[in-house]
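The values are calculated or read from the model by the stated rules, or taken from the named source; none is laboratory data. These numbers were taken from a predicted model, which means no experiment stands behind them. Cβ sites come from the backbone with ideal geometry, for glycine too, and all protein chains shown count toward neighbours.
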Amino acid sequence: MPTSRYERAARNAGFHGIAGLDEAGRGSLFGPVFAAAVVLDPVRPIRGLDDSKLLDAERRAVLATRIKERAAAWAVGAADAFEVDQINILEASRLAMKRAVERLPGACDYLLIDAIRVNVDLPQKPLVHGDARCFSIAAASILAKVERDAALDRWHHVFPEYGLASNKGYATPDHRQALAEHGPTHLHRFSFSPVREACRSLVWPGYPVHQTQSQQGELFACP
């Protein structure tokens, strides 16, 4: 179960705006990877925080509402499928986390992150399985999951044949069957092998090598 020991240790070291960070959707075949940053208020505790994967959808929704009401600050960021295919899913996850941190209202001076480091100029502590060990990371995991699930529910109405409302874009048997029957949409992640294997009309050339940011953008520019 997560605890507040890491937040307490950071406050004892003199930090005040301690944000937990986590992502949702890293293993999905479709759409953006989401991330959330949450600065918990130590005087307004939230009972029941846990790794979002261990909570059912109804409980996550209740906790997400409480997080937004009681946290000192929170923000959500994302990196879309095109960015995933440009820079790989790990770097896209870092980018989504960076965007979440940059959108936080108020000051943030320390980061607690699930397993990885983020490219921001702030002290940070990566924690393996952080969403199961640290309250603020658990809160971020819940918020990122709820926000991404809501986005996939909306995309389901655009692409109903893929069952996105139920599978959330993951490689479930029904999603893979839909890919085999219909091929991928333009919002599927072509850098993921099940998507490439389902696409008969496109050969994905791999991640860009030694491309500048502007050149990478041109690879996915719309005419």
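For a quick check of your reading of the model, give me the residue pairs whose first member lies in region 19-40 and is among the aromatic types (Phe, Trp, Tyr), whose second is surrounded by fewer than 24 Cβ atoms within 10 Å (Cβ to Cβ) and not in a strand (DSSP E or B), with beta-carbon atoms closer than 7 Å and at least 6 apart or on different chains.
So the pair list comes out as 30/187; 34/147.
Going by the structure shown, is residue 46 in a loop (DSSP other than H, G, I, E, B), touching a residue at least 60 places away in the same chain (Cβ under 8 Å) and in the same structural domain as residue 24 (by TED's automatic domain parsing)? Quick ask: steps written out before the conclusion?
On the way: in a loop (DSSP other than H, G, I, E, B): yes; touching a residue at least 60 places away in the same chain (Cβ under 8 Å): yes; in the same structural domain as residue 24 (by TED's automatic domain parsing): yes.
Here the answer is yes, as residue 46 does meet what is asked.
Mind listing just one residue for me: the one in region 183-211 that is over 19 Å from residue 93 (Cα atoms) and of a type in the set (Ser, Thr, Tyr) and, of those, modelled with the lowest pLDDT?
The selected residue is 201.
Would you tally the residues in region 166-198 being more than 16 Å from residue 149 (Cα to Cα), free of Cβ contacts under 8 Å to residues at least 40 places away in the same chain and hydroxyl-bearing (Ser, Thr, Tyr)?
1
What about residue 162, is it in contact (Cβ under 8 Å) with a residue 24 or more places away in the chain, in contact with an Asp or Glu (Cβ under 9 Å, 6 or more places away or on another chain), over 30 Å from residue 42 (Cβ atoms) and of a type in the set (Phe, Trp, Tyr)? So that I can check it myself, show each step before the final result.
Numbers: in contact (Cβ under 8 Å) with a residue 24 or more places away in the chain: yes; in contact with an Asp or Glu (Cβ under 9 Å, 6 or more places away or on another chain): yes; over 30 Å from residue 42 (Cβ atoms): yes; of a type in the set (Phe, Trp, Tyr): yes.
In short, yes.
Okay, residues lined up against (1) at pLDDT 95 or above; (2) loosely packed, with under 12 Cβ neighbours inside 10 Å; (3) within 16 Å of the chain's Cα centre (by Cα); (4) aliphatic (A, V, I, L, M):
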position	(1), (2), (3), (4)
13	yes, yes, no, yes
17	yes, no, no, no
26	yes, no, yes, no
39	yes, no, no, yes
60	yes, no, yes, no
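Quickly run through region 34-65 and pick out the residues that are of a type in the set (Asp, Glu) and more than 20 Å from residue 105 (Cβ to Cβ). Step through it out loud before you land on a result.
Within region 34-65, the first condition is being of a type in the set (Asp, Glu), and the residues that meet it are 41, 50-51, 56, 58.
50, 51, 56, 58, listed by residue number.
When you scan region 68-82, how many residues do you find that are touching a residue at least 24 places away in the same chain (Cβ under 8 Å) and assigned to a helix (DSSP H, G or I)? Give the steps one after another, and end with the answer.
Residues of region 68-82 that are touching a residue at least 24 places away in the same chain (Cβ under 8 Å), as a first pass: 68, 70-82.
With the extra rule that they be assigned to a helix (DSSP H, G or I), the set shrinks to 68, 70, 81-82.
Selection size over region 68-82: 4.
Starting from residues that are of a type outside the set (A, V, I, L, M, F, W, C) and more than 19 Å from residue 17 (Cα to Cα), keep the ones in region 91-119 and report whichever is surrounded by the most Cβ atoms within 10 Å (Cβ to Cβ).
Start the filter on region 91-119 by keeping residues that are of a type outside the set (A, V, I, L, M, F, W, C), which leaves 91, 93-94, 98-99, 102-103, 105-106, 109-110, 114, 117, 119.
Subsequent filtering for residues that are more than 19 Å from residue 17 (Cα to Cα) retains 91, 93-94.
Values: 91: 16, 93: 26, 94: 23.
Among those that are of a type outside the set (A, V, I, L, M, F, W, C) and more than 19 Å from residue 17 (Cα to Cα), it is 93.
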